[in-house]
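The next block holds one structure in the form of structure tokens; read it before the comments.
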Amino acid sequence: MSHEGIRIVSAEEALRSSDEAAAQMGEGLPAEAVTPLKVRVKKSEGTGIEIDWRDGHASSWPFRWLRDACPCATCNSERQSENRAPGEPRPRSQDPFALYQAPPLPEEITSVGNYALKIQWNDGHQAGIYSWAYLRSVCQCPLCKPPQI
């Protein structure tokens, strides 16, 4: 049995990861808060996703933000190692000759059961499953997002 990929973490880091996982799972939120009433994927406009929730709340995310907030294990690990929050982009290269990268756009968006969306991005990435609970936990509206200092 191989132990490659196993990482030993401190108790503090394990607790932080479990708190983040609980937030991603929507713990503490009532079922109406993580159940969509209406989902609008604005793929042809290239703008993003909007969700009206059963509790009356409305959320929206641009595609660029969603790509930078991918909840897959690889992206989560990368963000943690770079100390970035979900949705926070990677630092831009200072190399004046860096190649152009097209903005992140979905090539395909499919529902996963009754609990999530799966997005296949134009950069080939498709591992993230955006659960309703995760999307609600990362709502970017002024009521949910803490003010920037």
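Derivation of every value follows stated rules applied to the coordinates shown; laboratory data play no part. These numbers were taken from a predicted model, which means no experiment stands behind them. Cβ placement follows ideal geometry from the backbone for every residue including glycine, while neighbour counts extend to all protein chains displayed.
In terms of overall dimensions, the C-alpha atoms belonging to the range 57-133 reach 45, 26, 25 Å along their principal axes, ordered largest to smallest. Here each label is just a point 7 Å from Cα along the line to Cβ, and for A31 and R84 those points are 3.7 nm apart. Taking every C-alpha pair closer than 8 Å and separated by at least 6 residues, the mean separation divided by the residue count of the range 78-149 gives a relative contact order of 17 percent. A cut-off under 10 angstrom between Cβ atoms defines the neighbours of P89, and their net charge, with Lys, Arg +1 and Asp, Glu -1, is +3.
Positive-end ranking of A69, L99, P86 along the dipole of the range 29-105, with charges on Cβ about the Cα centre, is headed by L99. Using Cβ point charges alone (K and R +1, D and E -1), the dipole size of the range 26-149 about the Cα centre works out to roughly 140 debye. By other beta-carbon atoms within 10 Å, ranking S137, S131 with the fewest at the front produces S131, S137.
Label zone (C141, point 7 Å along Cα-to-C-beta; backbone nitrogen cut-off 13 Å) within the range 29-71: 33-38, 50-61. Fewest first, what order do D68, D52 take by the number of other Cβ atoms within 10 Å? Fewest to most other Cβ atoms nearby, the residues stand as D52, D68. Using 0.36 nm per residue and subtracting the Cα-Cα separation, the extra length available between D52 and S93 on full extension is 11.1 nm.
For the pair T74 and E107, label points projected 7 Å from Cα toward Cβ lie 1.4 nm apart.
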